[in-house]
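Trainee: First the structure, then my questions, so here it is.
Any read-out appearing in this document is the output of simple, stated calculations on the displayed coordinates, not a laboratory observation. Note that the structure is predicted; figures quoted are calculated from it, not measured. Glycine also receives a Cβ, built like all others from the backbone with ideal geometry; neighbour counts cover every protein chain displayed.
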């Protein structure tokens, strides 16, 4: 399957995989700095951004299949990869499968919740995206205003008032127009649970990064992620929420380059 993507920079390729509702533009806070050191390929997953939806089920499994096909078709098998949120779970799934990716950095991955956390994740994100859809006519005004921008992004960032109005508007537009959002949200919460990888089965570097103040995927879930992926190294981001590359872009960039270099 063809996926819309952008390429920036030169050097060793590095794949960027966005989160639920996002697009390649979600990586804007770190894109230029990463492109100074690597050849960046930032994709729009099927049903998001400018890529057409999958014809059937939309789940981590089917997205992983589609992304594998894309990498093989573009001679990118074995590429280093970074994912955020849902994209972070997706790159973990590909790391688990083996022979698809090289070094992997997984930032605040979803899918490691218990029952009440699962319901909280689904209910809070479902309510948020429906509100975002209703507010689209006034979204430029809301993202430009510090108080309303803070209210919109309080679940995702520890300092949403500092976020770029342009970036937040693009993200809210993407959330509202993503054709696969609803089905994938349900699949993430209530679909197939994430399988793990036995110790010593993942040979390339694997780092899981987590924000200490994540209000979407709570920090206690990091322990479950490490139990399923014992080959991973955990990196904590202090004073950081769910969107690591937004809250601490400099630290996120350094971790990505150091872990995949």
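Trainee: Once you have the Cα-Cα distance between residue 74 and residue 166, take 0.36 nm times their residue separation minus that, and quote the gain in nm to one decimal.
Mentor: Value of the extension gain: 30.0 nm.
Trainee: Looking at the range 154-261 from every direction and averaging, what is the projected area of its Cα convex hull in nm²?
Mentor: Its Cα hull, projected and averaged over all orientations, spans 8.1 nm².
Trainee: Further question on the same structure: What value, in deg cm²/dmol to 500, does the helix sum -39500 (n - 2.57) over DSSP H runs of n ≥ 4 give at 222 nm once divided by the residues of the chain? Don't skip to the end; give the middle numbers.
Mentor: Details: 11 runs with 115 residues, N = 261.
Rounded to the nearest 500, the figure is -13000 deg cm²/dmol.
Trainee: Where does the range 99-169 land on Rg/Rh, using Cα atoms and the Kirkwood Rh?
Mentor: 1.08
Trainee: Based on the mean of other beta carbon atoms within 10 Å per residue, what is the order of 101-110, 163-172, 143-152, most packed first?
Mentor: The most tightly packed comes first, giving 101-110, 163-172, 143-152.
Trainee: Let me see the pair-distance distribution of the chain: every alpha carbon pair, 10 Å bin width, integer percents in order.
Mentor: 7, 33, 40, 18, 2, 0
Trainee: Roughly how far apart, in whole Å, are the Cα centres of the range 117-184 and the range 21-50?
Mentor: Between the Cα centres of the range 117-184 and the range 21-50 lies a distance of 19 Å.
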